[in-house]
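The values are calculated or read from the model by the stated rules, or taken from the named source; none is laboratory data. Please read all numbers here as calculations on a predicted model, not as lab measurements. Note that we place each Cβ from the backbone using ideal geometry, even for glycine, and neighbour counts take in every protein chain shown.
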DNA sequence: TTTTAATTTTAGACAAATCTAAAAATAATT
DNA sequence: AATTATTTTTAGATTTGTCTAAAATTAAAA
């Protein structure tokens, strides 16, 4: 049985492992968990003891099969609770993260599987992130960043990379939501902004925005 | 902001205060929280510091107005989550307690009020216990123990005093649920068992059972 | 009412999760 | 390659919540 702290560290290590082939550094973990490197070193010992990660002194951390499976179950809970908050309790997509961060630690397999069924086995959370199923399988979805699209093609918005309130509220103001469709008109070389035709209006999105928006060709 | 442990102690003190006019003893709290008296003494200092209880050395604990209000908000959360688990996720009434014990500590007023609305502002949890509203007001309901009923009168089952799985499953086996109606036929002087006419059958309930069943004359 | 019993508190210890400051190891730079 | 800088670990401390054992207080009984 893992503590809340152990679960939080494991989740961070899992996410860092997604885009990192070498060992995850103590500092990288400290930065994501908002703690000091020395605290991370302590926690590494505990997670290693429980066979969730491997680690050699000064060498960085690797997540194990067991660690990945465990992390995916935590992420499953987090994302299902997010769907509950948005679909059933009518939270906005920028309000769900902190509460889900607490709810993800509730320990009951029966609860989470009943919740999954109640929500109709959703494939994605409100930010377009995939929800692992009860076995830990993650539905794969074709997607690319708006910065990497081709002009004059139609795309659908399918996810966000940045899930901060600030970014999500910005999208709300632009009336962009998951499922929105548009045509890419131009990639500006100078500042890497992207101009799209969306709801009969031309809309220019900065590089920062375009680089945090996942889309899919339709 | 209270810790989980502080909330658990406060809830126990609140419940003990309901049937106790004098100060709550350290031992009584220790027994309910499944800890040792010395641990309770430590926690008393913390709750006193936060003005949730009053306490003089060796004299027992009294809950304050603030303590009662705070406790009722925790109980509100516990009971609303129980309703969610039974009504929406189809848990049985004997399966909800432990999960609700975890869920009651989630800190979000918006969440709990949205949940309340989603559930249709229920007045009672699955065991017939009243749910405090957002202001902390508790709907009063007429009720008495089956042991204190009059013969030849009709009653409805409206709550249980004991919420243990064992007792609830016993009631399930007898087909007794909240809302069940019956006529009291006899109070046995010898063993204080109660015989009722329920669904055209005579059913004798032991003193232990009768003393844990809340009913209301209809 | 004095002695015995029970309760409550204090004192000191421990595990979990964190920190700061210093030491050790690795990486980067002349 | 030697020096400097960065990263990581260790050592020791702190807070929270718990414990055991002993001391202090109150309650009960002879």
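Checking each residue in the stretch A:193-205 for being surrounded by 14 or more Cβ atoms within 10 Å (Cβ to Cβ) and closer than 27 Å to residue A:165 by Cβ picks out A:193, A:194, A:195, A:196, A:198, A:203, A:204, A:205. Whether any residue in the stretch B:59-69 is within 13 Å of DNA strand D (Cβ to nearest atom) and either more than 14 Å from every other protein chain (Cβ to nearest Cβ) or free of Cβ contacts under 8 Å to residues at least 60 places away in the same chain (or both) is what I want to check. Checking the stretch B:59-69: at least one residue is within 13 Å of DNA strand D (Cβ to nearest atom) and either more than 14 Å from every other protein chain (Cβ to nearest Cβ) or free of Cβ contacts under 8 Å to residues at least 60 places away in the same chain (or both).
If residue A:143 passes every condition in (1) free of Cβ contacts under 8 Å to residues at least 12 places away in the same chain; (2) touching a strand residue (DSSP E or B) at 6+ places or on another chain (Cβ under 9 Å); (3) under 30 Å from residue A:66 (Cβ atoms) but one, which one does it miss? The single condition residue A:143 does not satisfy is (1).
Here residue B:51 passes the criteria (1) closer than 26 Å to residue B:164 by Cα; (2) touching a residue at least 12 places away in the same chain (Cβ under 8 Å) except the one numbered (1). Remark: pairs (first residue in the stretch A:112-126, more than 10 Å from chain B (Cβ to nearest Cβ) and on the phi > 0 side of the Ramachandran plot; second residue crowded, with 20+ Cβ neighbours inside 10 Å and assigned to a loop (DSSP other than H, G, I, E, B); Cβ separation under 9 Å; 6+ apart in sequence or on different chains) = A:121/A:131. Each residue in the stretch B:19-34 was checked for being in contact (Cβ under 8 Å) with a residue 24 or more places away in the chain, surrounded by fewer than 18 Cβ atoms within 10 Å (Cβ to Cβ) and closer than 12 Å to residue B:8 by Cα, and 1 of them qualify. Residue A:150 fulfils the conditions (1) in contact with a helix residue (DSSP H, G or I) (Cβ under 8 Å, 6 or more places away or on another chain); (2) closer than 29 Å to residue A:196 by Cβ except for a single criterion, (1).
Name the residues in the stretch A:89-99 that are in contact with a helix residue (DSSP H, G or I) (Cβ under 8 Å, 6 or more places away or on another chain) and either surrounded by 21 or more Cβ atoms within 10 Å (Cβ to Cβ) or within 10 Å of chain B (Cβ to nearest Cβ) (or both), would you? Spell out the reasoning first.
As a first pass, look at the stretch A:89-99 and keep what is in contact with a helix residue (DSSP H, G or I) (Cβ under 8 Å, 6 or more places away or on another chain): A:89-97, A:99.
Within the stretch A:89-99, A:89, A:90, A:91, A:93, A:95, A:96, A:99 qualify.
Kindly indicate whether any position in the stretch A:154-168 is within 18 Å of residue A:204 (Cβ to Cβ) and part of a helix (DSSP H, G or I). Yes: one or more hits. Filtered by the rule that a residue be under 29 Å from residue B:98 (Cβ atoms) and in contact with a helix residue (DSSP H, G or I) (Cβ under 9 Å, 6 or more places away or on another chain), the stretch A:121-134 gives A:122, A:125, A:126, A:131, A:132, A:133, A:134.
Considering the stretch B:3-22 alone, what residues qualify as being within 9 Å of DNA strand D (Cβ to nearest atom) and away from every other protein chain (no Cβ under 14 Å)? Passing the criteria: B:6, B:8, B:9. Residues of the stretch B:1-18 that are within 13 Å of DNA strand C (Cβ to nearest atom) and crowded, with 16+ Cβ neighbours inside 10 Å: B:9, B:13, B:16.
Of A:26, A:35, A:54, which residue is within 8 Å of DNA strand D (Cβ to nearest atom), at pLDDT 95 or above and either away from chain B (no Cβ under 14 Å) or within 28 Å of residue A:138 (Cα to Cα) (or both)? Full working, then the answer.
Values: A:35 fails: within 8 Å of DNA strand D (Cβ to nearest atom); A:54 fails: within 8 Å of DNA strand D (Cβ to nearest atom).
When all the criteria are applied, what remains is A:26.
Per-residue answers, yes or no, for (1) farther than 25 Å from residue B:166 by Cβ; (2) away from DNA strand C (no atom under 16 Å from the Cβ); (3) touching a residue at least 24 places away in the same chain (Cβ under 8 Å):
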site	(1), (2), (3)
B:39	yes, no, no
B:43	yes, no, yes
B:57	yes, no, no
B:76	yes, yes, yes
B:81	no, yes, yes
B:84	no, yes, yes
B:87	no, yes, yes
B:90	no, yes, no
B:93	no, yes, yes
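Considering only the stretch B:131-148, how many residues are surrounded by 19 or more Cβ atoms within 10 Å (Cβ to Cβ) and within 23 Å of residue B:182 (Cβ to Cβ)? The qualifying residues number 1.
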